[in-house]
Amino acid sequence: RLHFSDLLERYGAPQLVVNLMKAKKMDSCEVRLGKHFESAIERLNRELPLPVRILYRPFDMKNLAKSNPTIYKVFARLAQSVVDRVGFFHTSKGLYGKPARLQSGIVRTNCVDCLDRTNVLQFFVGLEVLKQQLTALNLLPEPRLEFDSQVAFVLSELYDLMGDHLALQYAGSVAHKKYQLLGSRPRMMTSSKELLTSIHRHYNNSFTDNEKQACLNLFLGIYKPSLHPKLSELDCDSWIHHRVLKDDYDPGAWWETPLRRR
């Protein structure tokens, strides 16, 4: 609720949620996590009034990429549909003129750790927004950019660099699922490179994750050395992030306050 309250206050409605986790192999931990996430969205939607309900879309990116050689076209269509629904900000009259267009709502994507697959789909969303923005500025006759264009290549490099920095900070390796703009369409990173990245990430997560998480908690101000126990005395940090809910907890109309603040 806190997360979606923050999104409502920042961006308003609709909130489009695209879940990129696996949907097959019911014994998979990732599939079970995706089901729990879907159940949580359904619970929130039962509380929310119809105009601000969360629009949920499952999208099994890994399995679709294996079975569909033109998966990039599916990404592009999905990106176009969500951008058409949310819109984008555009003004040609500076700070004091009335904007020609406003963004209303947000596109929220996630996978397991919200790094690799998330960054791939976000690139296509960013490319779709860029096409429409350039068209609104009369720099393109229509919202269309080829994958082998210089503009698309520069944008992909920016997303690639951003994904690597976020993945290094959070998971200890460069981004895992990558696309390369070769010729007229993107291609995913080769299996051999993915294997090396997976080994590197597994090692870092197994032996350095606790220290890295403690550094992030300290940097973000979540862990306060003057108030909290010493890190060496703690088994995990879950108690820092979660409050105990009482049996009679009632969220009430939790969406009203963030919408009034907009």
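The values are calculated or read from the model by the stated rules, or taken from the named source; none is laboratory data. No experiment lies behind these values; they were computed from the predicted model shown. When we count neighbours, we look across all protein chains shown, and the Cβ atoms used for this are built from the backbone with ideal geometry, even at glycine. To get the accessible areas, we keep the full protein, side chains included, count just its heavy atoms, and leave off ligands, DNA and RNA. Shrake-Rupley method; radii C 1.70, N 1.55, O 1.52, S 1.80 Å.
Per residue, how much accessible surface does the stretch 1-107 expose to a 1.4 Å probe? Answer in Å², no decimals.
Details: 6500 Å² over 107 residues.
Computed with neighbouring chains in place, this is 61 Å² per residue.
All other residues with a Cβ under 11 Å from the Cβ of residue 77 taken together, and with Lys, Arg as +1 and Asp, Glu as -1, what is their net charge?
Working: positive: 73; negative: 84, 128.
Within the 11 Å Cβ shell, the charges total -1.
Along the stretch 62-68, what does the Karplus equation 6.51 cos²θ - 1.76 cosθ + 1.60 (θ = phi - 60°) give for ³J(HN,Hα), rounded to whole Hz, x for Gly and Pro?
The phi angles translate into 5, 5, 5, 5, 6, 9, 10 Hz.
Would you tally the net charge around residue 42, using a Cβ to Cβ cut-off of less than 11 Å, leaving residue 42 out, and scoring K and R as +1, D and E as -1?
Cβ neighbours under 11 Å give a net charge of +2.
How do the peptides 81-90, 121-130, 137-146 rank, highest first, by the average count of neighbouring beta carbon atoms within 10 Å per residue?
On the way: 81-90: 15.9, 121-130: 21.0, 137-146: 11.5.
So the peptides 81-90, 121-130, 137-146, ranked by packing, come out 121-130, 81-90, 137-146.
Take the residue pairs 66/131; 93/131; 25/230; 22/230; 62/212 and return only those whose Cα atoms are more than 31 Å apart. Before the final figure, lay out each step's value.
Working: 66/131 28 Å; 93/131 21 Å; 25/230 41 Å; 22/230 38 Å; 62/212 28 Å.
Over 31 Å apart, Cα to Cα: 25/230; 22/230.
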